[in-house]
Amino acid sequence: MPHLHIEEFKKLELPYQKDGVSFNFYAKNTKHDDELLISTTVEDEDFFLLLKDDENKTLLKTDKLTRPASTHKVHKALLTYANESKLNILSSNVHTTNKNIHLQEVTALKKIEYFADKFPDAEDVAIEVGFGSGRHLLHQAKKNPNTLYIGIEIHRPSIEQVLKQINIQELDNLLVLDYDARLFMELVPSNIVSQIFVHFPVPWDKKPHRRVISTSFIEEARRVLKVDGTLELRTDSENYYAYSYETFIDFPKITLNIRKNSDIEVSSKYEDRWKRMEKNIYDVTMINDLESDVLKIEGNFDFEKIDYDEQKLLNLGGVTKKFDGGFIHFERVYKIDSGVMLRVSMGSFDRPEHLYVILKDEKVDYYPLPPLRSNSNLYAHKFLYEVLNG
């Protein structure tokens, strides 16, 4: 993650603008003096920079929750703040060079709002979750030019590497998204996807709730897949294979194809390494035989007038509220000028949304953007309104 190791932090008088970068306000963690957020805008995209004392170091870096997809924007924001406040930088992994020539004009990288506002119209759609090096995704997109491929990944270096290759290979049927695939699936229209690839997902043996494959993910996959469309899991983890098989087979009716150590057209560098180590590779392919109802999402994320008590808001840190099918957890509370900001996780238990809520001047807003417009998030929003108005 891009960061600056600094000797001492110095505040700018906000708001402050320089060379297309705006620093808007500070948000101070009410329980931890070692954490400060700086609201930042670069090229009309809002996110937080984070000041954090970490292992006896003072670091200025990007906030994981709001970080933009472009690391170039993060680098620009960090260097601008450091230069304008005259910080003494002890060490840094922030690049001072210009964007890579193949990243100068990036059209394949999309925000989640692109898909939420109007899902792309394509004759055929395929999705790869966690594309890693991108070998498989790029191969499929080049081989099948009439299919729209959507690659989902949260590892920034992998994203930028694939974006470079999209430009080099001049692929116009491949879109890239930095987002939680479990949430993304909730807004994909029904019966339009022919293939979903989940190749070598992180096993999460110690945190199984973070696994991509789950009952709810399989349900969404069956909804978005065309009849005879497939969900293909490929893993080198025996634990993940066994867990996934049990999760699939728990459905009352399902068609599965199980393979072991089968070769595919293109393999990742990690798969090549595991084969040299003689590790087993497992494939579980679900073949969809259902035609689903049309997806309906109704509602919005507006807040009606809220008569909130600021002291009660300050006491919400660490509090969890549960409702039927989901929850809201108030992770942290921040003090801002003339208001309060809450960091919350909300939604269903296995695919929650993480975001900020600002309460200021008798108004309530999500920051930087509202949650993904899904039925589970809309239900959680109603419950959040009741809690804040409580």
- Using alpha carbon positions and the Kirkwood radius, the Rg to Rh ratio of region 305-390 is 0.93
- Message: Contact order normalised by length for region 34-146, with contacts defined as Cα pairs under 8 Å and 6 or more residues apart; what percent is it?
- Response: 13
- Note on the structure: the chain: relative contact order from alpha carbon pairs under 8 Å, six or more residues apart, as a whole percent, is 13
- Note on the structure: Expected vector for region 278-295, Karplus 3J(HN,Hα) from phi with 6.51, -1.76, 1.60 and θ = phi - 60°, integer Hz, x for Gly and Pro, equals 6, 7, 6, 10, 10, 10, 10, 10, 8, 9, 6, 10, 10, 9, 9, 5, 5, 5
- trypsin sites (Lys or Arg not before Pro) restricted to DSSP loop in region 203-242 with at most 12 other C-beta within 10 Å: 206
- Task: Stick to the Cα atoms of region 242-390, pair each with every other, and give me the Kirkwood hydrodynamic radius in Å at one decimal.
- Result: 19.2
- Do any GluC sites (Glu not before Pro) in region 184-229 lie in a loop, going by DSSP, with at most 14 other beta-carbon atoms within 10 Å of their beta carbon, and if so which? none
- So what are the ³J(HN,Hα) numbers for region 209-214, from phi and the Karplus equation (6.51, -1.76, 1.60; θ = phi - 60°), rounded to whole Hz, Gly and Pro as x? 5, 8, 5, 5, 6, 7
- Partner lysines for residue 363 [C-alpha distance under 18 Å; skip if fewer than 8 residues away on the same chain]: 305, 312, 335, 382
- Task: Please compute P(r) over all alpha-carbon pairs of region 98-236, binned at 5 Å starting from zero, and give each bin as a whole-number percent.
- Result: 2, 10, 20, 24, 21, 14, 6, 3, 0, 0
- Query: When we measure straight from the Cα of residue 296, which lysines land under 16 angstrom away, once same-chain ones fewer than 8 places off are left out?
  - Reply: 118
- Return one number: the angle in degrees, 0 to 90 and rounded to the nearest 10, between the long axis of the Cα atoms of helix 71-84 and the longest principal axis of the Cα atoms of the chain. 10
- State the antiparallel share, in %, of DSSP beta bridges confined to region 119-206, rounding to the nearest 5. 0
- Task: Report, in deg cm²/dmol and to the nearest 500, the calculated mean residue ellipticity at 222 nm for the chain, where each DSSP H run with n ≥ 4 adds -39500 (n - 2.57) and the sum is divided by the residue count.
- Result: -7000 deg cm²/dmol
- Taking only the alpha carbons of the chain, the radius of gyration and the largest Cα-Cα distance, Dmax, both in angstrom, are 22.4, 64
- Which angle between 0 and 90 degrees, to the nearest 10, do you get for helix 238-249 versus the longest principal axis of the chain when only C-alpha atoms count? 80
- Query: Hey, got a sec? Which chymotrypsin sites (Phe, Trp or Tyr not before Pro) in region 172-219 land in a DSSP loop and have at most 15 other Cβ atoms within 10 Å?
  - Reply: 204
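Could you estimate the translational diffusion coefficient of region 4-94 from the Stokes-Einstein equation, with Rh from the Kirkwood formula over C-alpha pairs, at 20 °C and 1.002 mPa s, in whole µm²/s?
163
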- Quote the charge dipole size of region 338-390 about the Cα centre in Debye, to the nearest 20; the model charges only the Cβ of Lys and Arg (+1) and of Asp and Glu (-1). 100
- Query: Percent antiparallel among DSSP beta bridges with both residues in region 310-388, to the nearest 5?
  - Reply: 100
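Coordinate-derived values only; no laboratory data. Here the structure is a predicted model, which is why all the values come from computation and not from measurement. So basically every Cβ, Gly included, is an ideal-geometry build from the backbone, and we count neighbours across all protein chains shown.
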